[in-house]
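Let me begin by handing over the structure; questions about it come next.
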Amino acid sequence: MPKHYCLNPHDPYAEREVLVEFEATTAGLLLIAAIDDADEDILSDLTDAQLDDLRRELMVACQSRACSVETSSRPEMHAG
């Protein structure tokens, strides 16, 4: 499954990211998981508007680079 770092919808300051796992389907993007910096899946906590924001962010990222590669502007998110 492709993964991509997106802005965390729960962060009003847009300083944190979530690792979003998704699948491209004929109907659009199916979101599988959204893992925050505490390793919690917050996908079920998101509103429809927040889910749509993640899908839009993923679509833009997929148009500009390969979606199967984990990418982030925040290197500390990769530390484990």
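Which distance in nm do the two modelled labels at ASP11 and ARG56 give, with both placed 7 Å along the Cα-to-Cβ direction?
A separation of 1.9 nm, rounded to one decimal place.
Let me ask you something else. With a 1.4 Å probe and all protein chains kept in place, how much accessible area does ILE32 have, in Å² rounded to the nearest 10?
For ILE32, solvent-accessible area is about 70 Å².
The values are calculated or read from the model by the stated rules, or taken from the named source; none is laboratory data. Treat the numbers as computed from the prediction; the structure is a model and nothing was measured. Heads up, the Cβs are rebuilt from the backbone with ideal geometry, glycines too, and the neighbour counts pull from every protein chain shown. For accessibility, only protein heavy atoms count, side chains too; no ligands or nucleic acids. Shrake-Rupley method; radii C 1.70, N 1.55, O 1.52, S 1.80 Å.
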